[in-house]
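A.B. asks: Here you go, one structure.
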Amino acid sequence: MKPTSSIRAFTLIELLVVIAIIAILAAILFPVFAQAKVAAKKTQDLSNIKQINLGIMMYSNDYDDLFPRNDYIVPERPSWAAFTWREASAPYIKSGTPNVSWVNNQPLAMEGIWKSPSEPSNGRYGYGVHRGLMPNQFDWEFGDQYVISSRGQSSIDKIAETYLITTTGINPDWGSAALGMEVAWWWWGGAQWPPVFGGPTSGAKWDNDTAPCSWGGPTNPSCAMPRYRYTESANVGWVDGHAKNIKKGAFNWCKYVYTPGFSERPSASSDANYDWIVGPGQPCEPYLK
């Protein structure tokens, strides 16, 4: 007598039901996995900013309460390959490669905590600093006879509400490692008058990784403005050393970028000092109440 097998094949209906269940589970789980990946990158990015921020603080403790400047011109390098704040603070951090090769300008040389985990593969200079607090070696408009000093914690009133470092655009075609964060109120105000310092028409409008980044584009400072890569938010390091996440549209120039006596340029001209913009009836007044 031939034994009867207890194993039978799936019917077509059963097979379709199984496939449908798998598809439903995949539709549920894949977004969760994607969100978990973004959350992991956000945490790593926040950790990077926190460590770099503390390295800058440690540097200032050794240099008379002054942050490093954004860049320093050194004779053994081309002018576009200045010694930057990254290299100045790197000995206090000792993690990763802080500079793009100044010999051949290799775009992927920066690594470790100096490279934002969320930036595109062709990105460079993942983080940018407040160029009003950590200025360039010299102002291009006035020449190298005007050396601009950096600032430190003791010269800033609201150290917990003044930003120091955050993520920037991808800068794939920018030839200088010295690019810092744009600090002119004009761009943060949406390149319009009167300026709008909050919401989608403010500086948040420059949030993209696809626009050309060569400086000289009068309406496209994307590479020197914050990037909001974590569910419409960005991680920010502050002057007091702490780091936190801030939502797109809430990164307000009047509250978090401007400081009394703020100046970009070593000049007595009216455009050198931004104190006027916080006066009665001026654009920043509503944001400072």
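A.B. asks: Does any residue of segment 56-77 turn out to be under 20 Å from Ala234 (Cα atoms) and either modelled with pLDDT under 85 or of a type in the set (A, V, I, L, M) (or both)? First the steps, then the outcome.
C.D. replies: Step one: filter segment 56-77 for residues under 20 Å from Ala234 (Cα atoms), giving 56.
From what is left, the residues that are either modelled with pLDDT under 85 or of a type in the set (A, V, I, L, M) (or both) are 56.
Yes, segment 56-77 has at least one match.
A.B. asks: Residue pairs, Cβ under 9 Å, 6 or more apart or interchain, first in segment 36-62 and β-branched (Val, Ile, Thr), second assigned to a helix (DSSP H, G or I) and surrounded by fewer than 18 Cβ atoms within 10 Å (Cβ to Cβ). List them.
C.D. replies: Ile56/Tyr92
A.B. asks: Hey, Phe262 hits all of (1) over 14 Å from the mean Cα position of the chain (by Cα); (2) within 26 Å of Ile159 (Cα to Cα); (3) of a type in the set (Phe, Trp, Tyr); (4) at pLDDT 90 or above but one; which does it fall short on?
C.D. replies: The single condition Phe262 does not satisfy is (4).
A.B. asks: Which one is nearest to the chain's Cα centre (by Cα), of the residues in segment 88-131 that are among the hydrophobic types (A, V, I, L, M, F, W, C) and at pLDDT below 85?
C.D. replies: Our first condition is that a residue be among the hydrophobic types (A, V, I, L, M, F, W, C); within segment 88-131, this holds for 88, 90, 93, 100, 102-103, 108-110, 113-114, 129.
Right, trim to at pLDDT below 85 and you get 100, 102-103, 108-110.
Working: Val100: 17, Trp102: 22, Val103: 25, Leu108: 17, Ala109: 18, Met110: 15 Å.
If we take residues in segment 88-131 being among the hydrophobic types (A, V, I, L, M, F, W, C) and at pLDDT below 85, then Met110 is nearest to the chain's Cα centre (by Cα).
A.B. asks: Additional query: For segment 211-238, how many residues meet the condition of being at pLDDT 90 or above and aliphatic (A, V, I, L, M)?
C.D. replies: So the answer is 2.
A.B. asks: Okay, next question. Tally the residues that are in contact with a Lys or Arg (Cβ under 7 Å, 6 or more places away or on another chain) and either without any contact (Cβ under 8 Å) to a residue 60 or more places away in the chain or polar (S, T, N, Q) (or both), restricting the search to segment 109-125.
C.D. replies: So the first thing to find is which residues in segment 109-125 are in contact with a Lys or Arg (Cβ under 7 Å, 6 or more places away or on another chain), and the list is 110, 114, 117-118.
From the residues that got through so far, the ones that are either without any contact (Cβ under 8 Å) to a residue 60 or more places away in the chain or polar (S, T, N, Q) (or both) too are 110, 118.
Residues that pass the stated criteria total 2.
A.B. asks: Restricting to segment 22-57, give me the number of residues that are out of contact with any helix residue (DSSP H, G or I) (no Cβ under 9 Å at 6 or more places or on another chain), closer than 30 Å to Ala90 by Cα and of a type in the set (Val, Ile, Thr).
C.D. replies: Selection size over segment 22-57: 2.
A.B. asks: Considering (1) part of a loop (DSSP other than H, G, I, E, B); (2) loosely packed, with under 14 Cβ neighbours inside 10 Å; (3) modelled with pLDDT of 75 or more, say which one Met134 fails and leave the rest.
C.D. replies: All conditions are met except number (2).
The values are calculated or read from the model by the stated rules, or taken from the named source; none is laboratory data. This is a predicted model, so every value here is computed, not measured. For neighbour counting, all protein chains shown are included, and Cβ atoms are generated from backbone atoms with ideal geometry for every residue, glycine included.
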